[in-house]
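What follows is a set of notes on a single structure, which appears directly below.
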Amino acid sequence: MLIGRNGFMLDEYQERFLKLKKLEQVREVTIKNYISYFSRIDSKINQRLNYEDEDILCNQILDFFTAIGFYKPTSYNLMIKYSNSYFNYLIRTKVINSNPIKTIGIKTRREEFNPNPCNTKDLKQLLSGIDVRTYAGLRDYSMILLIADTGIRPNEACKLLVDDLVFPENLIYIREEISKTSKERVLPTSTKVMIYLKALLRYNISSPYVFNTIKGEQFTTDRFRRRLARYSDYTGVDITPYQLRHYFGTEYARNEGCNLLYLQKILGHSKLEMTRRYVKIETEDLARNHKVASPIDKLD
């Protein structure tokens, strides 16, 4: 089976591994990522993996990770994750005796994540530059409001189906097949946002998706990114899709009634530590919260 322009071919063990993953019903995008991972190893070390000599195999894997040493922590750690999954499979099937990643001692890198939200003033300015009298404008406006209101990932928003919207309860269901963490969740949504979505669906004649192009095709994150860039140029602000998600997270976290467990559930984070990073306490927040929480008035 040829993969990619370089004519890369999966070896027999890689093919078996991918067949097993398909039986486990992993997402198609994950299968493609594994294929890309195998192809990347082949291109970086320029030779086949040697399963018969584990010393050579260890050197090959060391060469691979040395070659991708410039990767950002997230991408670098993903290569470690895929490696562990594959080599543990080879151990279970008795192809090799030990995992090269553990033998060599390759460690994951610390991933720094600092939310980079837009501010309310800039977001209002960007929204003012969108003509909602056109379908494209109404679609873009609605998606921006949806992300800012719920923190939904842009990719998840693009894959929403009409049936995922529950208007009577103001809820949106994120199916496990479109969720980044492969876990379904429910997003409470503001009435204002649902009104815009309902207006948008009046233009939806045959597509099952909520957000579409003017030709009726499924809208994509790339198109949305380009649309935001255009609005940013026009209005003189600079806002990206993920800044909208970060805007929701930071504004929610600043609220006095914020429950981090609720925020974690809404954002779809697998770990609470990721959610905690949205908590940025400003001086005015401290003062306001102190005024509410201080027990001093009880001493009068």
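The values are calculated or read from the model by the stated rules, or taken from the named source; none is laboratory data. On a predicted model such as this, the values are computed, not experimentally measured, just so you know. All Cβ positions, even for glycine, are placed from backbone atoms using ideal geometry, and neighbour counts span all protein chains on display.
Taking the conditions exactly as written (modelled with pLDDT of 90 or more, among the charged types (D, E, K, R), over 26 Å from Val166 (Cβ atoms) and out of contact with any Cys (no Cβ under 6 Å at 6 or more places or on another chain)), does Arg276 satisfy them or not? Spelling it out, it is not the case that Arg276 is modelled with pLDDT of 90 or more, among the charged types (D, E, K, R), over 26 Å from Val166 (Cβ atoms) and out of contact with any Cys (no Cβ under 6 Å at 6 or more places or on another chain). Any chance region 154-174 includes a residue that's under 30 Å from Asn84 (Cβ atoms) and either aliphatic (A, V, I, L, M) or free of Cβ contacts under 8 Å to residues at least 24 places away in the same chain (or both)? Scanning region 154-174 turns up at least one residue that is under 30 Å from Asn84 (Cβ atoms) and either aliphatic (A, V, I, L, M) or free of Cβ contacts under 8 Å to residues at least 24 places away in the same chain (or both).
Within region 185-192, can one find any residue that is out of contact with any Pro (no Cβ under 8 Å at 6 or more places or on another chain), farther than 20 Å from Gly249 by Cβ and among the small types (Gly, Ala, Ser)? Within region 185-192, none of the residues are out of contact with any Pro (no Cβ under 8 Å at 6 or more places or on another chain), farther than 20 Å from Gly249 by Cβ and among the small types (Gly, Ala, Ser).
Pro168 passes every criterion in (1) under 15 Å from the mean Cα position of the chain (by Cα); (2) assigned to a loop (DSSP other than H, G, I, E, B); (3) surrounded by fewer than 18 Cβ atoms within 10 Å (Cβ to Cβ) apart from (1). Residue check: Ile91 meets all listed conditions (1) more than 28 Å from Lys19 (Cβ to Cβ); (2) assigned by TED's automatic domain parsing to the domain that holds Tyr13; (3) among the hydrophobic types (A, V, I, L, M, F, W, C) but one, namely (1).
For (1) polar (S, T, N, Q); (2) exposed (fewer than 13 other Cβ atoms within 10 Å of the Cβ); (3) modelled with pLDDT of 95 or more, each residue gets a yes or a no:
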site: Tyr51; (1), (2), (3): no, no, yes
site: Tyr71; (1), (2), (3): no, no, no
site: Ser75; (1), (2), (3): yes, yes, no
site: Ser85; (1), (2), (3): yes, no, yes
site: Asn97; (1), (2), (3): yes, yes, yes
site: Glu112; (1), (2), (3): no, yes, no
site: Lys124; (1), (2), (3): no, yes, no
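Listed by position, the helices (runs of 4 or more DSSP H) contained in region 28-127 that have at least 3 residues being in contact with a strand residue (DSSP E or B) (Cβ under 9 Å, 6 or more places away or on another chain) are 28-45. Selection within region 150-163: residues that are crowded, with 19+ Cβ neighbours inside 10 Å and assigned to a helix (DSSP H, G or I). The member of this set that is modelled with the lowest pLDDT is Thr150. Check off (1) under 30 Å from Tyr247 (Cβ atoms); (2) without any contact (Cβ under 8 Å) to a residue 60 or more places away in the chain for Tyr135 and give me the number that stays unchecked. Only one criterion in (1) under 30 Å from Tyr247 (Cβ atoms); (2) without any contact (Cβ under 8 Å) to a residue 60 or more places away in the chain is unmet by Tyr135, namely (2). Checked against the criterion of being in contact with a helix residue (DSSP H, G or I) (Cβ under 8 Å, 6 or more places away or on another chain), surrounded by fewer than 16 Cβ atoms within 10 Å (Cβ to Cβ) and among the small types (Gly, Ala, Ser), region 1-19 has at least one qualifying residue.
Restricting attention to region 179-211, the residues being under 20 Å from the mean Cα position of the chain (by Cα) and farther than 13 Å from Tyr141 by Cβ number 13.
Scanning region 87-132 for residues that are of a type in the set (A, V, I, L, M) and more than 16 Å from Tyr247 (Cβ to Cβ) yields Leu90, Ile91, Val95, Ile96, Ile101, Ile104, Ile106, Ile130, Val132.
Screening region 6-27 for residues that are of a type in the set (Asp, Glu) and in a loop (DSSP other than H, G, I, E, B) and picking the one that is nearest to Asn97 (Cα to Cα) gives Asp11.
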